[in-house]
Amino acid sequence: MGVGRTDSRREYIARSAAGGRVLTYWLAADRWAKTPVWSPNVGLARTLVMLSGLGTLASSSTSTLLRPAAGLSYPHCSGPAELASWCLVGPEHFELIRWVSCAILLVAAIGIYPRFTAIPAWWVLFSTQAAATTVDGGDQIAANLALLLIPVSLTDGRRWHWTANSALSGPTRTLVAKTALFVIAIQVSYIYLNAVLSKLSVPEWIDGTAVYYWMHDPMFGPSEPLRETIAAMVLNPWLLAAATWGTLVIEFALGISLLLPRALRWPFLVAGVGLHISIATVMGLWSFAFTMVGGLILLLIPGGNVVAQVRRRVRAGLARIPVRRRESIGDRRA
């Protein structure tokens, strides 16, 4: 009799513990589904992606964007590219299409009614990467991120994507938006993992000399103001190895960042932004930098307001500076 009661009590406790865990998981999932996802950080990332495409279109003539290459005429209008804006009009309207596309991306970058500008902005970015000649990885990634951001934007009830939360938020909308952001995080992680794994098959990346060859590449190497300085720097074996292997370390860390503690995300963000700004400064790939920094924000800190956080940290740092020194800094700025 005593043994039977003990077994029954143990079974009851086990069922209660299991039920408690299920309830805990259910409440956590419910909070996750109801917590608004539309943050100023999502808006900032969206702005950077749009500015990437806007910079390409505004700074390039149609004769450059649609230049014939490899024996083929452009715009390229086969397959899905038949839906590109460049393929729906004749050459006499290409310049009009370019400036209309710039206007659409500018409105989207400003952040006005993201749910109305999401699809037109994606169409512009898709049209450029699908039909134009002079595109790079940044243009392709921008089009992909804009596509994946459509569910986030369509469920975004804000008039201005720099504000927090959404008047139209609800469990279903939040679930759709968060699922899309999770897919974006997987996509960005894959980009970095693919980049580092492909580099590991190249001997120069393994032996620490790859950056030397990139800096002397006639197409991707630094421009004249930086050429001599960079050439001297990569002759130093320590700096060369640090730049080469440091790139691999940062890309690998960003590729697995979803598996690491949240406390590491800010340092990873700083490292990733520094990497892309360095590449843009030296190699001129600014559209790629804008796109990838936007992707990093969506990967590492999709919630919150990074602009406000940076502003607060700057103010806190200035507050710790003695008054006399602060006044001298202000005088120098003036």
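Between the beta carbons of residue 314 and residue 278, assuming R0 = 22 Å, the FRET efficiency works out to 0.50 to the nearest 0.05. Each peptide in 270-282, 107-119, 200-212 was scored by the mean count of other Cβ atoms within 10 Å over its residues; highest first, the order is 107-119, 270-282, 200-212. Placing a label point 7 Å from the Cα of residue 183 along the Cα-to-Cβ direction, none of the residues of the stretch 46-64 has a backbone N under 11 Å of that point. With all protein chains in place and ligands, DNA and RNA left out, the 1.4 Å accessible area ranks 286, 238, 162 as 238, 286, 162, largest first. Packing-based ranking of 54-67, 77-90, 287-300 yields 287-300, 54-67, 77-90, ordered from highest to lowest mean Cβ neighbour count within 10 Å. Rounded, prolate or oblate: which one fits the stretch 205-334, using the alpha carbon gyration tensor with axes a ≥ b ≥ c (rounded when a/c is under 1.5, else prolate when a/b beats b/c, else oblate)? Oblate, because a/c is 1.5 or more while a/b does not exceed b/c. Computing FRET efficiency as 1/(1 + (r/R0)^6) for residue 231 and residue 112, where r is the C-beta to C-beta distance and R0 is 56 Å, gives about 0.75.
For residue 283, neighbours were defined as the other residues whose beta-carbon sits under 11 Å from its Cβ, and their charges (Lys and Arg +1, Asp and Glu -1) total -2.
When 50, 219, 233, 283 are compared by accessible area at a 1.4 angstrom probe, the order from most to least is 219, 233, 283, 50.
The values are calculated or read from the model by the stated rules, or taken from the named source; none is laboratory data. Computed from a prediction, not measured in an experiment: that's the story for all the values here. Cβ atoms come from the backbone with ideal geometry, glycine included; neighbour counts cover every protein chain shown. Side chains are part of the model used for accessible areas, which takes the heavy atoms of the whole protein and leaves out ligands, DNA and RNA. Shrake-Rupley method; radii C 1.70, N 1.55, O 1.52, S 1.80 Å.
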